[in-house]
Amino acid sequence: MQPGTYTLLVSLPEPATVEFGAAGSYDLDTGWYAYTGSAFGAGGLKRVTRHRDLAAGERDARHWHVDYLLGHPEASVDAVYVTENEDIECETARRLADESEPVAGLGASDCDCETHLAYAADRVVLAETLRDCHGRRWPDA
């Protein structure tokens with residue numbers, strides 16, 4: 001698979017307290033969460049499949065902050081947006097944080113961003129930004 005940047009659009013239909021490993025517990029509201037990451041190592045954007053498998057209950061290992069959200073029984077991946085061969089991770093995460101509500105301290109341990117996880121009560125807020133930021137929506141999301 002090609003390398004690139006991806007954003008997972010995650011639905012959380014009920015409020016939840018999620019333990020994000022060393023980052024601690026977060027009380028999350030009902031709504032929509034957008035997590036932006038990059039996949040430039042071996043396998044490239046195949047990492048998206050790994051995240052989706054975790055959300056579907058087909059995998060247990062948690063390596064990234066988003067995995068703790070995806071591992072919650074109420075969370076589900078609604079859509080995936082990708083940009084192949086470009087590192088727009090921080091740019092996308094900052095734009096999402098500016099246009100919605102940032103969830104501080106998550107997903108940005110290897111950069112100087114406040115967060116790579118954003119929240120909105122309304123799906124449209126995040127989806128419109130993601131269409132503007134990314135080259136395309138993942139075909140089988």
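Remarks
- Within the stretch 2-13, the set of residues being more than 15 Å from His72 (Cα to Cα) and more than 11 Å from the chain's Cα centre (by Cα) comprises Gln2, Pro3, Gly4.
- Set Glu19, Glu89: member being surrounded by fewer than 22 Cβ atoms within 10 Å (Cβ to Cβ) and touching a residue at least 24 places away in the same chain (Cβ under 8 Å): Glu19
- Any chance His72 is within 11 Å of the chain's Cα centre (by Cα) and either basic (Lys, Arg) or modelled with pLDDT under 95 (or both): no
- Residue in the stretch 60-68 that is outside any loop (DSSP other than H, G, I, E, B), β-branched (Val, Ile, Thr) and farther than 18 Å from Gly24 by Cβ present: no
- Qualifying residue in the stretch 45-64 (condition: under 25 Å from Glu91 (Cα atoms) and touching a Lys or Arg at 6+ places or on another chain (Cβ under 6 Å)): no
- Any chance Ala108 is aliphatic (A, V, I, L, M) and buried (at least 17 other Cβ atoms within 10 Å of the Cβ): yes
- Verdict on Val103 being within 13 Å of Ala34 (Cα to Cα) and either touching a strand residue (DSSP E or B) at 6+ places or on another chain (Cβ under 7 Å) or touching a residue at least 40 places away in the same chain (Cβ under 8 Å) (or both): yes
- Positions within the stretch 74-120 being closer than 20 Å to Thr30 by Cα, part of a helix (DSSP H, G or I) and in contact with a Cys (Cβ under 9 Å, 6 or more places away or on another chain), in sequence order: Leu96, Ala97
- A single entry from Tyr26, Tyr35, Tyr81 fulfils the requirement of being surrounded by fewer than 22 Cβ atoms within 10 Å (Cβ to Cβ), touching a strand residue (DSSP E or B) at 6+ places or on another chain (Cβ under 6 Å) and aromatic (Phe, Trp, Tyr): Tyr26.
- Filtering the stretch 38-54 to residues that are surrounded by fewer than 20 Cβ atoms within 10 Å (Cβ to Cβ) and not charged (D, E, K, R) leaves Phe40, Gly41, Ala42, Gly43, Gly44, Thr49.
- Sole exception among (1) farther than 12 Å from Ala75 by Cα; (2) aliphatic (A, V, I, L, M); (3) more than 15 Å from the chain's Cα centre (by Cα) for Ala16, by number: (1)
The values are calculated or read from the model by the stated rules, or taken from the named source; none is laboratory data. Bear in mind that the values here come from a model prediction, so they are computed numbers and not experimental data. Counting neighbours? That spans all protein chains shown, and the Cβs are built from the backbone with ideal geometry, glycine included.
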